[in-house]
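All remarks here apply to the structure that follows.
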Amino acid sequence: MASIQFTLSPTSSIRSSPSFACSPANPITPQYSSTTKDLSSYCKLSSRQKNVTKSRNLLFSVRSSLDTAGPTSTVGQVTEVTKDTFWGIVNSAGDKTVVLDMYTQWCGPCKLIAPKYKELSQKYDDVVFLKLDCNQENKPLAKELGIKVVPTFKILKQGKIVKEVTGAKFDNLVVAIEDVRSS
């Protein structure tokens, strides 16, 4: 497990025992000064991080539960994935069917089909439902998966794309899911 350590001066204070969300995009910086009274300016609060501990000489260790656990998805829910978490979740799905909704924030049809897609995730407990925002950050994965239009739904089995539905065609998506589940 990775550990990030920093020292607080005696005049610094922490109002409570928060958990910190630290990542390469949001690191704890070592330039913590005695004029800063709250660590939230360096690290966003999050329930996903664990074990903020304090020793006698004001040394803190922040340990991330993300360091030890791989990406996960929850049955009956749509899980947001990124270029960094997608393949880990797909691989951990094993023999389960995986459905990926590739969308963008600005896409009208994407917004219309999203509630129906969520309903599907509650209907099929043997299918993993994921969604990927095809923004600039996730562009490499979107390109790797061959997206041309949004929304695009990719259906995977054992890590391989076996079906694709382009556009907000709900009935076609249901038929494709049923086909893959029964094969």
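Would you mind classifying segment 78-182 by shape? Square roots of the alpha carbon gyration tensor eigenvalues, ordered a ≥ b ≥ c; an a/c under 1.5 is rounded, otherwise it is prolate if a/b is larger than b/c and oblate if not. It is oblate, given that a/c is not under 1.5 and a/b is not larger than b/c.
Across segment 126-137, computed HN-Hα scalar couplings (Karplus, 6.51 cos²θ - 1.76 cosθ + 1.60, θ = phi - 60°) run 9, 10, 9, 9, 10, 9, 10, 6, 7, 8, 4, 5 Hz from first to last residue, x flagging Gly and Pro.
Close amide H partners of Lys163, meaning residues 5 or more places away or on another chain with modelled amide H under 5 Å apart, are Ile155. Assuming charge only on the beta carbon of Lys and Arg (+1) and of Asp and Glu (-1), the dipole of segment 91-146 about its Cα centre is about 220 debye to the nearest 20.
How charged is the neighbourhood of Ala114? Take every other residue with its Cβ under 12 Å from the Cβ of Ala114, and add Lys/Arg as +1 and Asp/Glu as -1. Residues near Ala114 contribute 0 overall. Each of the peptides 153-164, 103-114 was scored by the mean count of other Cβ atoms within 10 Å over its residues; in descending order, highest first, they stand as 153-164, 103-114.
You can think of it this way: the chain between Gln77 and Arg181 has 35.7 nm of extra reach, that is 0.36 nm per residue less the Cα-Cα gap.
The numbers here are math on the coordinates, done by the rules we state, and not lab data. Just so you know, these numbers come straight off a predicted model, no measurement behind them. Glycine also receives a Cβ, built like all others from the backbone with ideal geometry; neighbour counts cover every protein chain displayed.
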